[in-house]
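Note sheet for the following structure.
The values are calculated or read from the model by the stated rules, or taken from the named source; none is laboratory data. Keep in mind the model is a prediction, meaning the values are calculated, not measured. Positions of Cβ are generated from backbone atoms using ideal geometry, with glycine treated the same way; all protein chains shown enter the neighbour counts. For the accessible areas, the whole protein counts, side chains as well, though only heavy atoms, and no ligand, DNA or RNA atoms are used. Shrake-Rupley method; radii C 1.70, N 1.55, O 1.52, S 1.80 Å.
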Amino acid sequence: MLTPGETTPLSPEVTPDGRIVVGSVETLRGVEAFVWDEAGGLQTLGGPVSNGFIFSRASAISDDGRTIVG
């Protein structure tokens, strides 16, 4: 879970019903893909680590929210 002040969102995408948001955030650990919904809040999705930093992106989500691509 990310804490306030730790993140800067980059180009979020939203399901048509507005219930799920995906995108990438700049954190102290690097650039991380995230998913947000009301039940779980903002959660990072992990990713490959290079030189001690994470780099992952989530650039789109399916209409039903089940598939995230990046």
| What are the semi-axes of the equivalent ellipsoid of region 23-68, taken as the square roots of 5 times the eigenvalues of the Cα gyration tensor, listed largest first and rounded to whole Å? | 21, 12, 7
| When the accessible area of the chain is computed with all protein chains present and a 1.4 Å probe, what percentage of it is carbon and sulfur? | 53
| query | Per residue, what accessible area does the chain have, given a 1.4 Å probe and all protein chains present, in Å²? | reply | 65
| field | Sorted peptide list for 25-37, 57-69, criterion being average Cβ within 10 angstrom, highest first | value | 25-37, 57-69
| Given charges of +1 on the Cβ of Lys and Arg and -1 on the Cβ of Asp and Glu, with all other atoms neutral, how large is the dipole of region 17-70 about its Cα centre, in debye to the nearest 20? | 240
| said: Given points 7 Å out from each Cα along the Cα-Cβ axis, report the Glu26 to Gln43 separation in nanometres with one decimal. | reply: 2.7
